[in-house]
Structures are given as structure tokens and as C-alpha cells.
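Just below is one structure, and these are the notes that go with it.
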Amino acid sequence: MKILAIERELLPAGSGVSDQPHLVAEAARLWELYQGGVVREMYFRADAPLAVLVLECDNLRIAGEAVATLPLVRHGLIAFDLSPCDVSRLCPPVQGWFAWNRGAEAALDPFAHR
């Protein structure tokens, strides 16, 4: 299941608490989760210095446990709002394109089983 994780800061601006001491460990843990296939994509929002992650987990509980291992979360500096994504409910034009294109993709894929 794809899960969208959107960061939110827990401390008010100007609180004087710095995330700097944890950033190297945060990047290292994100890299581990990426290599393990849990974090599939990582972004920063264009309008704020907040992370947006796309996770691949069996359910929301497992996704929550994964983001809870991030140092900034463990130290109470940030949290993530988790939202499951339902790719089976694509809009009809997109579903139609995938159905139509399935044959073309197989023909072009040298690794496809024939």
C-alpha cells in the first residue's frame, strides 16, 4: 500500500530548539528506510521546509512505526500525518489509458515474459 507522509513541526517557531544535531542521523535513517523499500520517494514541500514521503507498507500501523524510527520524530521535533493512497481508484480516463497501453508496454519491455 502506498502511504503519503506529510511532515508537521511540533515546536513553535522561535522556540530556540534546533534540529541541527539530529540531521545527519535523520538522513542516514531515511537512507536505510529507502534502501529497505519502505520509503519510496522523498521530497520537500515547495512552500515550506517540510518533508513529504511516499511509503510502501502493508498498512498504516507499519508506516507509523517506520516514521517513528526517524531521529527528529523520536526527539519530538516533528511528526508525520499519514494518508493511505488508493491507486485502484484512478479516474476513468487514466484507467483506460493503462488498459490500452498494457499491450504496448509488454511489446516494448525486453524483460516481459512472452
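Listed values, structure above:
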| read-out | value |
| --- | --- |
| Residue count, the range 53-78 (criterion: buried (at least 18 other Cβ atoms within 10 Å of the Cβ) and either in contact with a helix residue (DSSP H, G or I) (Cβ under 9 Å, 6 or more places away or on another chain) or over 15 Å from Ile6 (Cα atoms) (or both)) | 11 |
| Where Ala28 falls short, out of the listed (1) without any contact (Cβ under 8 Å) to a residue 60 or more places away in the chain; (2) surrounded by 14 or more Cβ atoms within 10 Å (Cβ to Cβ); (3) of a type in the set (A, V, I, L, M) | (2) |
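All of the numbers you see were taken from the coordinates with simple rules; none came from a lab. Given the structure is predicted, the values throughout are model-derived calculations rather than measurements. As a convention, Cβ positions derive from the backbone with ideal geometry for all residues, glycine included, and neighbour counts pool all protein chains shown.
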